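The values are calculated or read from the model by the stated rules, or taken from the named source; none is laboratory data. Keep in mind it's a predicted model, so treat the numbers as computed, not measured. Virtual Cβ from ideal backbone geometry, glycine too; neighbours counted across all protein chains shown. To get the accessible areas, we keep the full protein, side chains included, count just its heavy atoms, and leave off ligands, DNA and RNA. Shrake-Rupley method; radii C 1.70, N 1.55, O 1.52, S 1.80 Å.
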Amino acid sequence: MTVISEMVPASHGRAYRMQAGQVAVIANLHGNQVVDAWALSETDPLEFSSMDHTRSVNSSIYLEKGMKVVSNRRRPMMTLLDDSALLCHDTLLCPCNAEIYEQLGCDGYHRSCSDNFHEALAAKERQLPFTPASLNLFMNVPVHADGSLERHAPASKAGDYVALRAEMDLLLVLSACPQDITVINGDDRTPRNIAIRIAGEYPEALQ
Ligand SMILES: [Zn+2]
């Protein structure tokens, strides 16, 4: 049974309660949109998805199909059950924040994934006094042997999706990244909405 089926509006964030075993399918409707993602435990207020621990457990700087996202207590939180484009999702770069946009020359307020995270938490009556590193779904950051990295437009195409299975009761937080200055959300630098569907079984979540 589908529990939730909706859009995360461009440049905004949303949080979704998931029970262990439920699957979230996140669809890149336009192909170009990076989605910053976090998970927070529903039972421990200070347990959250940790990219440091995730890289350690997977022995990889990327998240790829079959790998797990683990918490700062090294417990499995989510599994990347499926990935239509078989991408290397970034775990290295920080979520965008107000200071990045200021340094990029923006005048006045610019929405950011960090602010989206805290807004989405507040809507579910949760809070954290800091912003954990995000899992950057669809974000295309190739890393070279010399340790340097590049920032490219997403390699996904319209309709590509990932499926994340919750391994514990958690709050899934998503931000449709508002970055419109660099090409990280595509060459047209236009943030777009994304679709999310949560269901009890994986194939159901695809429909
Ligand atoms: Zn962002």
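Figures for the structure shown
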read-out: Only one of S148, S175, S134, S156 that is more than 17 Å from the chain's Cα centre (by Cα), among the hydroxyl-bearing types (S, T, Y) and at pLDDT 95 or above; value: S148
read-out: Verdict on L174 being touching a strand residue (DSSP E or B) at 6+ places or on another chain (Cβ under 8 Å), under 18 Å from E6 (Cα atoms), part of a strand (DSSP E or B) and in contact (Cβ under 8 Å) with a residue 60 or more places away in the chain; value: yes
read-out: Selection count, the range 71-117, where residues are within 16 Å of the ligand (Cβ to nearest atom), over 18 Å from S11 (Cα atoms) and open to solvent by less than 10 Å² (accessible area, probe 1.4 Å); value: 3
read-out: Search result, residues across the range 1-55 that are farther than 24 Å from C94 by Cα, open to solvent by 10 Å² or more (accessible area, probe 1.4 Å) and in a strand (DSSP E or B); value: T2, V3, I4, S5, E6
read-out: Search result, residues across the range 149-171 that are touching a residue at least 24 places away in the same chain (Cβ under 8 Å) and charged (D, E, K, R); value: R151, K157, D160, R165, E167, D169
read-out: Residue match in the range 77-96 (condition: β-branched (V, I, T), part of a strand (DSSP E or B) and touching a Pro at 6+ places or on another chain (Cβ under 8 Å)); value: no
read-out: Lone unmet requirement of (1) out of contact with any helix residue (DSSP H, G or I) (no Cβ under 8 Å at 6 or more places or on another chain); (2) within 30 Å of A145 (Cα to Cα); (3) β-branched (V, I, T) for I61; value: (1)
read-out: Unmet requirement for L170, which otherwise passes all of (1) hydrophobic (A, V, I, L, M, F, W, C); (2) within 15 Å of the chain's Cα centre (by Cα); (3) closer than 20 Å to H89 by Cα; value: (3)
read-out: Residue within the range 145-163 that is within 30 Å of A122 (Cβ to Cβ) and touching a helix residue (DSSP H, G or I) at 6+ places or on another chain (Cβ under 7 Å) present; value: yes
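Residue-wise test of (1) more than 13 Å from the ligand (Cβ to nearest atom); (2) more than 15 Å from A39 (Cβ to Cβ); (3) open to solvent by less than 50 Å² (accessible area, probe 1.4 Å).
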site: P129; (1), (2), (3): yes, yes, no
site: A133; (1), (2), (3): no, no, yes
site: N140; (1), (2), (3): yes, yes, yes
site: P178; (1), (2), (3): no, yes, yes
site: A195; (1), (2), (3): yes, yes, yes
